[in-house]
Amino acid sequence: MLPESIGRLQQLIHLDLGNNQLSNLSESIGQLQRLTSLDLYHNRLLELPESISQLQQLTNLNLGNNWLSKLTELIGQLQQLTYLDLSSNRLSELPDGIGDLNDLRDLQLYGNPLSNALAAAASSGTYAVLDHLGTRGTRLYEAKLLIVGEAGAGKTTLARKLIDPAAHLPGENESTLGINMDRDWRFPLSLCVQSPGVRVDRRRADVDDVRQYLGFRRHGFRKRN
């Protein structure tokens, strides 16, 4: 067991505790706020203290060959991390917070019983894992509105008024040519899904005539000029 007194060594920059039989870490390790490198390789750690999130200067963290089956979400607060070794533990999932480690360049996960989705991401490298974790908690609600009608029927006017009721009317010779895609359409706030972790993606297609629309449906939702 690591003694509480280790928290007094506040000038430490590198701490190597590898190849011991540590089963837990003292919360006082969070007082070592000048640490840039912490090596805990080949111990018997079952969990990490929450105070580890206080090591804001940490760039290298080696937790390989331990008995970790879960990680604290607070590990996502170690924003300076560039290297994180979690190999040969008992992890099946990772906290979403790891997806917030924007400077992380090397994440080692081999030797863990990873879930299928996480294992697939890990096989493509660190950035794929970060992308997986960053989007896992986000639900996508997608709405598509197709405005179809004969030329001059008022499709462009309708589209503008839906976006902004105060929008000016199109001029006499102003009309849609081909298919006009708008990927930044903002609904009034009251019409949107307002919930943490939910992203709403709205797309509009303004089509100048039915023949364009039929070709549009055959070839997919993409811009044609």
Taking only the alpha-carbon atoms of segment 57-107, the convex hull volume per residue, in cubic angstrom, is 66
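Calculated FRET efficiency, residue 116 and residue 5, Cβ-Cβ r, R0 30 Å, to nearest 0.05?
My answer for the efficiency is 0.10.
Report the calculated FRET efficiency for residue 37 and residue 146 (r = Cβ-Cβ distance, R0 = 45 Å), to the nearest 0.05.
0.20
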Relative to the compact-globule estimate 2.2 N^0.38 Å (N residues), the Cα gyration radius of segment 4-136 stands at a ratio of 0.99
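Tell me, 87, 92, 123 in order of fewest to most beta-carbon neighbours within 10 Å? It would help to have the intermediate numbers written out before the result.
Values: 87 18, 92 14, 123 11.
Fewest-to-most Cβ neighbours within 10 Å comes out as 123, 92, 87.
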Once phi for every residue in segment 6-17 is put through the Karplus expression 6.51 cos²θ - 1.76 cosθ + 1.60 (θ = phi - 60°), the whole-Hz ³J(HN,Hα) values, with Gly and Pro written as x, are 4, x, 7, 7, 7, 9, 4, 10, 10, 10, 10, 10
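Residue 163 to residue 47: extension gain in nm, 0.36 nm per residue of separation minus the Cα-Cα distance? Provide the component values of the computation, followed by the final result.
Numbers: separation 116, 0.36 × 116 = 41.76 nm, distance 5.10 nm.
That works out to 36.7 nm of additional length.
Coordinate-derived values only; no laboratory data. Nothing here was measured: the structure is a model prediction, and the numbers come from that model. Backbone-built Cβ (ideal geometry, glycine too); neighbour counts: all protein chains shown.
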